[in-house]
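A short worksheet on the structure shown next.
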Amino acid sequence: MGRTIRIGALISGTGTNLQAIIDSCESGKINGKIVFVGSDTPNARGLEKGTRLGIPAFVVNYGSIIRDFKKNPATVVPPDDFDLNDLISKQTLFTAHADPETVKAFIITRAVAEAKLIDEMRHYPFDLLVLAGYMRNLSPYFIERVNTDPDIPRIMNIHPALLPAFPGVDGYGDTFRYGCKIGGCTVHFVDYGEDSGPIIGQKAYEILEDDTIDSIRAKGLKLEWALYPECVKLFAQGRLKTVHRSYELKDGRKMRRTVVKILPSPEY
Ligand code: GAR
């Protein structure tokens, strides 16, 4: 049995995925320990799931930073190590056609919030950061300060759809509205885009004639509570390796893809 990994968690809501990971750590399924729970809002009901167990918790109120910026941008001061153009060139959340002022406002407000997150997280060293229903996109400012080795991603996210279908804020709703016959959930490493990072694991459920948004959310969440701990366990066992592969199309063009390889279990 290897070293116990230290897991930080960021949440925005009920925290049922956080609970599933806590339970798996407590039962010994994951050789890990949650070392903090952070939130972007004081209203996250899941915060108390951690505090009840004595896990340190903190809030960085994104909403108030964004409101202050809207009122008077000069009052929202980016961190000293902030480089707007560098961050804009790296992010892939916005397309080249997006309104430059919108992109600028996004990057500044997020970097200010993220610098505060990093300040809080500094007190609790961690090996893996799990986004468990964290409803804020992270900018390159944050990601590159956590992924200090770009080849070793260590921010995971769970998304309520079979990516790359339906990224964004309402995966189950989008799956339902599209009339899909199959829905699912995805755990992936976070990159500079929206729900676009390398996929670690997915689970799928069938959508039947009489399903509603609520019933498919219930089916999906049940799978999420199994999938997320499985993926965290693989990380804790050191079995996730992100590799870049290339292949050639018939017309000779070279394409690249990034795959998370699951290494064999050391027991076998
Ligand atoms: C989950 O369905 C999760 O997949 C989703 O929010 C819910 C959080 O539930 N995450 C996203 O949509 C991220 N874009 P929880 O707070 O009970 O774990």
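The values are calculated or read from the model by the stated rules, or taken from the named source; none is laboratory data. Keep in mind that what you see is a predicted model, and the values were worked out from it rather than measured. Ideal geometry is used to build each Cβ from the backbone, glycine not excepted, and the neighbour counts take in all protein chains shown.
So which residues in region 180-214 are within 14 Å of the ligand (Cβ to nearest atom) and among the polar types (S, T, N, Q)?
Those that are within 14 Å of the ligand (Cβ to nearest atom) and among the polar types (S, T, N, Q): Thr186, Ser196, Gln202.
Which residues, counting only those in region 140-164, are at pLDDT 95 or above and more than 15 Å from the ligand (Cβ to nearest atom)?
Residues satisfying the conditions are Pro140, Tyr141, Phe142, Ile143, Glu144, Arg145, Val146, Asn147, Pro153, Arg154.
Looking at (1) surrounded by fewer than 19 Cβ atoms within 10 Å (Cβ to Cβ); (2) at pLDDT below 95; (3) touching a strand residue (DSSP E or B) at 6+ places or on another chain (Cβ under 8 Å), find the lone condition where Pro56 falls short.
All conditions are met except number (2).
Kindly indicate which of Leu227, Leu223 is in contact with a Gly (Cβ under 6 Å, 6 or more places away or on another chain), within 22 Å of Gly15 (Cβ to Cβ) and within 15 Å of the ligand (Cβ to nearest atom).
Leu227
Suppose we filter region 235-268 for residues that are more than 27 Å from the chain's Cα centre (by Cα) and charged (D, E, K, R); how many remain?
Total satisfying the criteria: 6.
Of everything in region 1-24 that's surrounded by fewer than 21 Cβ atoms within 10 Å (Cβ to Cβ) and away from the ligand (no atom under 14 Å from the Cβ), which residue is farthest from Leu131 (Cα to Cα)?
In this case the residue turns out to be Met1.
It is to be established whether one or more residues within region 189-209 are over 21 Å from Arg257 (Cβ atoms), modelled with pLDDT of 95 or more and out of contact with any strand residue (DSSP E or B) (no Cβ under 7 Å at 6 or more places or on another chain).
Checking region 189-209: at least one residue is over 21 Å from Arg257 (Cβ atoms), modelled with pLDDT of 95 or more and out of contact with any strand residue (DSSP E or B) (no Cβ under 7 Å at 6 or more places or on another chain).
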